[in-house]
Amino acid sequence: MKLRQLHYIHEVANRGLNVTAAAEALFTSQPGVSKQIRLLEEELGVDIFLRNGKQLSEITPAGQRILEYARRLLREEQNIRKVAEEFRDTDSGDLALATTHTQARYALPPVIEKFRKRYPKVRLHLHQGSPPQIAKFAAEGGADFAIATEALEHFEQLVMLPCYHWNRCVLVPPQHPLAHKARGRHRLTLAEIAAHPIVTYTFGFTGRSKLDQAFAAHGLKPDVVLTAVDADVIKTYVRLGLGIGIVAAMAYDEKADRDLVRLPADHLFEPSTTYIGFRHGMFLRAYMYDFIELFAPHLTRELVDEVAAIGDHDARSRRIQDLVAKLRLV
């Protein structure tokens, strides 16, 4: 059995049994991948994949179990390489981040700027996607860290650490009927918001679930006329008069958005929590700990190690909830 063969079956499984796509990702030939899989199956005496002619059609029950162990071994291979890199060259390497547009656009730039000054030889890779895509990417080893508000809790392979709470604001053009409320002491109500067309985040992105829960709890059905994953896109359509915008408060820029009126909405919605997650058992290099602490200063190396060392998922979840309760709203 060769480590290369485990890489091949793992990549084929991840590529939906598409051997050609797996070969391209591995920078090798399709016949070479097929041959090595056959050799591994012959050595083990079981089929890992079922075949329909020359095409792979299904993963066998034995293959499912073999792939579980292969993934563990490949994760340990990555850890071994990182240990060697840590001792060989402490301030250079790679850091892959998987995150949403809102985090990449508004929360991460000052953190990355500080990180780059501290570690100029570390190569950063930023991957954007939906929260489920981000969590899956990190769980499967495609990224070192997943940073998102939704979906990370559905992946038990990830150690999730709460970074900060945040809430929302309402954006309207200056001529909008709600704009005058920003100048007085009047606090917006959900009913007032629901009386107008709404432009906000796509479901599953940037804490959208909290927004839907708030309206449902008051028996209101908001008229959401357009959704987007990008707050800048939402603001564009608010400017066009399509509807009022509900975005993360961090997405409002006093200079760039001075043509929009901002109305506080933190009294209307439960705060959301942004998390940073990494694979359980992953070796963290020194600069990775530093990145976490730059992003969330309360997440010291000692605290990260403490939470990561909790093997029981339920016990780890309870400890994380303790940390969530101690966070302040930003």
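The values are calculated or read from the model by the stated rules, or taken from the named source; none is laboratory data. Since we're looking at a predicted model, the values are computed, not measured. We place every Cβ from the backbone using ideal geometry, glycine too, and count neighbours over all the protein chains shown. Accessible surface areas use protein heavy atoms only, side chains included; no ligands, DNA or RNA. Shrake-Rupley method; radii C 1.70, N 1.55, O 1.52, S 1.80 Å.
Key figures for this structure:
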item	result
Close pairs from the range 240-256: first under 15 Å from residue 208 (Cβ atoms), partner assigned to a loop (DSSP other than H, G, I, E, B), Cβ under 6 Å, at least 6 apart	248/206; 249/167
When residues of the range 90-139 are limited to those that are acidic (Asp, Glu) and touching a Lys or Arg at 6+ places or on another chain (Cβ under 8 Å), the one modelled with the lowest pLDDT	91
Filter result for residue 303 (aliphatic (A, V, I, L, M), surrounded by fewer than 19 Cβ atoms within 10 Å (Cβ to Cβ) and at pLDDT below 90)	no
Index of the failed condition, residue 18 passing every other in (1) under 23 Å from residue 141 (Cα atoms); (2) open to solvent by 60 Å² or more (accessible area, probe 1.4 Å); (3) touching a residue at least 40 places away in the same chain (Cβ under 8 Å)	(3)
Any hit, the range 61-83, residues being among the small types (Gly, Ala, Ser), farther than 30 Å from residue 287 by Cβ, open to solvent by less than 60 Å² (accessible area, probe 1.4 Å) and part of a helix (DSSP H, G or I)	yes
Residue within the range 290-309 that is of a type in the set (D, E, K, R) and assigned to a loop (DSSP other than H, G, I, E, B) present	no
Some residue of the range 307-317 being closer than 22 Å to residue 215 by Cα and either modelled with pLDDT of 90 or more or among the small types (Gly, Ala, Ser) (or both)	no
Among (1) open to solvent by less than 40 Å² (accessible area, probe 1.4 Å); (2) in a helix (DSSP H, G or I); (3) out of contact with any Leu (no Cβ under 8 Å at 6 or more places or on another chain); (4) of a type in the set (A, V, I, L, M), the one test that residue 325 misses	(1)
Residue among 261, 225 that alone is open to solvent by 20 Å² or more (accessible area, probe 1.4 Å), out of contact with any Asp or Glu (no Cβ under 9 Å at 6 or more places or on another chain) and closer than 19 Å to residue 181 by Cα	261
Hits in the range 118-146 (condition: open to solvent by 10 Å² or more (accessible area, probe 1.4 Å), closer than 14 Å to residue 95 by Cα and either assigned to a loop (DSSP other than H, G, I, E, B) or touching a Leu at 6+ places or on another chain (Cβ under 6 Å) (or both))	119, 120, 124, 126, 141, 142, 144
Hits in the range 255-275 (condition: in a loop (DSSP other than H, G, I, E, B) and either among the polar types (S, T, N, Q) or within 27 Å of the chain's Cα centre (by Cα) (or both))	256, 257, 265, 266, 267, 268, 269, 270, 271
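The rows are residues; the columns are (1) within 22 Å of residue 174 (Cβ to Cβ); (2) touching a Gly at 6+ places or on another chain (Cβ under 8 Å).
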{"position": "215", "(1), (2)": "no, no"}
{"position": "226", "(1), (2)": "yes, yes"}
{"position": "229", "(1), (2)": "no, no"}
{"position": "234", "(1), (2)": "yes, yes"}
{"position": "243", "(1), (2)": "yes, no"}
{"position": "247", "(1), (2)": "yes, no"}
{"position": "267", "(1), (2)": "no, no"}
{"position": "274", "(1), (2)": "no, no"}
